[in-house]
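What follows is a short report on a single structure.
The values are calculated or read from the model by the stated rules, or taken from the named source; none is laboratory data. Source: prediction; values computed, not measured. When we count neighbours, we look across all protein chains shown, and the Cβ atoms used for this are built from the backbone with ideal geometry, even at glycine. SASA here: full protein model, heavy atoms, side chains in, ligands and nucleic acids out. Shrake-Rupley method; radii C 1.70, N 1.55, O 1.52, S 1.80 Å.
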Amino acid sequence: MDSPSASQLKSSEDDADKVCNRSIVVPHRVVALANRFEKKDRSWYVKSKIPNDLSIQVDDITFQAHKFPLITKCGYISNTELQRSASGNGYHLKLENFPGGAETFETILKFCYGFPVDLNPLNVAALRCASEYLYMTEEFQDGNLISKTDGFITFVVLASWRDTLTVLRSCTSLSPWAENLQIVRRCYDLLAWKACNDSYDIPEDVENNERSLYNGIANLQLDHFMRVVTSVNARRGKPEVIGRLIMKHAENWLPLIDEDMEGIRGYGSGNNEFQFSVERERTEGSTLGCQEQKRTIESLVSVLPTQPEAVVPCQFLLRLLKTAIVYSASPALISDLEKRVGMALEDANVCDLLIPNFKNEDQQKGARSHEEYTIYNVDVVHRILEYFVMHEQQQQQEQQQVQGKPGITKLLDNYLAEIAKDPYLPITKFQVLAETLPENAWKCHDGLYRAIDMFLKTHPSLSEHDRRRLCKTMNCEKLSLDACLHAAQNDRLPLRTIVQINTQVLFSEQVKIRMMMMQDKQAAGTNEENPEGLEDKRTFRDSEIITLKGELENVKRKLAELQDNYNELHQVYEKLNSSKQKSTQNWGLRWEKIKKSLQIKREEDEARDKPQRRSSTGPRTSLRRRMSMS
C-alpha cells in the first residue's frame, strides 16, 4: 500500500474547510485500498487490487467490499459474527431495516473508504440514523460519522428554517430512528420558535421570506404540522399565527368542496345526491383517502384557536363544516364547528350557507319521503342560527332580547329566497327557519316577503291553509309601500293576507296625509313673514293632499271590492259545505225509505200467503169428511 504524499495530505486538509451550497465536505484520509466504485445490475463493486472479502446486502442491492475499512469505523459490523458466503469467498452480511436504504449505505461505504462525502439537508438525517445503526462512534475513530452529522445538524441545519424544513420532511421515512435521536423534536422547536418570534408583522406578500416560513410549515404532512402547531401553542404563540397556519394547511391538503359542489347548484328532482356522490368519489379517490381527510379535519379542528383575535373567518369555518359533513366526521366535531360558525355568522354570505344535503349510499336507500331529497341541508343552518341567538343573548346579559342585526336578517332573507326554489323543501322547515330570529331582529320584512313569494311560486299545489300559515311568519306592518303594492296584486297570496295588506296600505296613506298636514301647519307658523312663499307651499300641499286623497279613495274602493269578493267566496264555500251535508242527509233518508218499503212489501207478501194456505187446506178437509160420511 502506497503512503500518501505531503501534497495530498495538505490538499485533503484544505478540502476539510470548504462549504458549498450549505454542504460540508467531510475530511478524508487517502486510502489506496479502493480506486473507484462500479455498479453492475443490482450490485456495487469496489474496484481495488485487493480482492473483495465481504458481501453486504441492503434491501435488494448487494455491495462487494472489504472487511477492514468497515470494521475500523462501524461498531455494528465489528461486533457481529460474520457468516461465510455460499461461494466460500469471504463473508456475507444482511442489514435488515437499514435507515435510508441502499443509497444511504452507499454514501457510508464511500466515507469508510476515505472518499469525500458531501453533507446536505437532504441526506444528513438519513446519514445520522444510519451511523447510529452501524454504531459509528468516536470510540472507533476520531471524527467518525456520528459526530460529523450531529455537528452539521446543530451548526448548519438549525441555523436556517429552510434547511430545517428540508430535514424534517426527510425524516418521514426514518421513523423511529429520527424520533429517538431527537432530530424531529429539534426541528419542531426551531420552527415554532421562529414562527413565534417573527409573527409581529406578518407581511401579505407571498414571495416574502417570512411569509414563506408559514407556507413551508403549512406544506408539512399532518403529523409534522400538528407537532409544530402544538409547539407554537406551548410557547404561547399568537392565536393569529396558529389561525393562519391552520388555514394555509387546509388550503393545501383539504379538497375544495365549494368548487366541487358547483355541479349541484341547479335545481332538480333528487338527482343532487347522485351528482354530489360523483363529485365526492372524484375527491376521495379511495376509502383510505376518505379516512385521511377525516383525520385531517378532526386534527385541525382540535387545535383551532377560540380567541376572537385568531382571525379565523366564517367562510373558512363553513368550508371545514362542509368537508366534515362530506367525510362523515363525528357529531361532536360537527356540533363544535356549528357553534364556531354561529359566533362568527355576521361575516358569512349566502353561498357559504348553501350546504348540500349529502347522503351516503345507505341513507339514500333508506330515504322514503320527498323531504329527505331536499337539495340543501336546512337543519345545519337552523342549528347555526340557534347558536347565534344564544351567543347574542350571552353577550347582552342585561337585555332579554337580541337587538336588530340588519346583516343577519338580510343574510337569512337571501338564504330563504335561495332554498325556497327547492320543490321538495317542506313548508314546516321553511317556517321554522324563518321564525328562528326574534321579531325585533327585523326592521323590514320585504326580503322575507320575497322569499315567501318564491316559495309559493315553487309550490303551487299548497292548500289555502298552508299558504295562510306561511304568511303568518310575515308582519305586514313591516312591509314597505312598494312591497305592499306588489303584494296587493299578488294572486299567490291568500285572500285574507291581501285584505290585511290593503288595510295596511290604507293606514300608511292616512298617516302620510296627517304628517303632511302637520308639516303644513308648522310651516305656516314659521313663514308668516313671507306670505307669497307660504301661498306657493300651501298650493303645492293642497294639490298633493288632493292626489293622496284620490289614491286613498281608490284603495278604499279596491278594498271594498276585495271584501265583497271574499264574502262571496265564503258564501259559495258555505253553500258547498251545506249542499254536501244535505246530500248526505237526503241519501240517508232515501235509504231509510227504501228499507221501509222493502220491509212493508215483505210483510204484505207474507200476509197474502197465509189466506191461500188456509183456503187450500179447507177443501181438502171437507172432501175427507164427505168421503167418510158416504
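Any residue in the stretch 77-86 that is farther than 20 Å from S173 by Cα, free of Cβ contacts under 8 Å to residues at least 40 places away in the same chain and hydroxyl-bearing (S, T, Y)?
yes
Need at least 3 residues that are surrounded by fewer than 17 Cβ atoms within 10 Å (Cβ to Cβ) and at pLDDT below 90 per element, so show me which helices (runs of 4 or more DSSP H) inside the stretch 286-353 make the cut, counting only ones lying wholly within it.
287-302
Quickly run through the stretch 81-102 and pick out the residues that are loosely packed, with under 14 Cβ neighbours inside 10 Å and of a type outside the set (A, V, I, L, M).
Passing the criteria: E81, Q83, R84, S87, G88, N89, K94, E96, N97.
Which residues, counting only those in the stretch 129-184, are in contact with a helix residue (DSSP H, G or I) (Cβ under 8 Å, 6 or more places away or on another chain), hydroxyl-bearing (S, T, Y), open to solvent by 50 Å² or more (accessible area, probe 1.4 Å) and not in a helix (DSSP H, G or I)?
Y135 - this is the single residue of the stretch 129-184 that is in contact with a helix residue (DSSP H, G or I) (Cβ under 8 Å, 6 or more places away or on another chain), hydroxyl-bearing (S, T, Y), open to solvent by 50 Å² or more (accessible area, probe 1.4 Å) and not in a helix (DSSP H, G or I).
Could you check R211 against (1) open to solvent by 30 Å² or more (accessible area, probe 1.4 Å); (2) at pLDDT 90 or above; (3) outside any loop (DSSP other than H, G, I, E, B) and say which number it fails?
Condition not satisfied by R211: (2).
If I ask for residues that are under 15 Å from T428 (Cα atoms) and not hydroxyl-bearing (S, T, Y), which ones from the stretch 465-497 would you list?
If the condition is that a residue be under 15 Å from T428 (Cα atoms) and not hydroxyl-bearing (S, T, Y), then H465, D466, R467, R468, R469, L470, C471, K472, M474 are the ones that fit.
Kindly state which helices (runs of 4 or more DSSP H) lie completely within the stretch 450-536 and contain at least 2 residues that are among the aliphatic types (A, V, I, L, M), at pLDDT below 85 and surrounded by 12 or more Cβ atoms within 10 Å (Cβ to Cβ). So that I can check it myself, show each step before the final result.
Numbers: elements: 464-471, 481-488, 495-526.
In the stretch 450-536, the matching helices (runs of 4 or more DSSP H) lie at 481-488, 495-526.
Condition check: at pLDDT 85 or above and in contact with a helix residue (DSSP H, G or I) (Cβ under 7 Å, 6 or more places away or on another chain). Does K110 satisfy that?
So K110 fails the test.
Name the residue that is modelled with the highest pLDDT, counting only residues in the stretch 381-404 that are part of a loop (DSSP other than H, G, I, E, B) and open to solvent by 50 Å² or more (accessible area, probe 1.4 Å).
Filtering first and then ranking leaves Q397.
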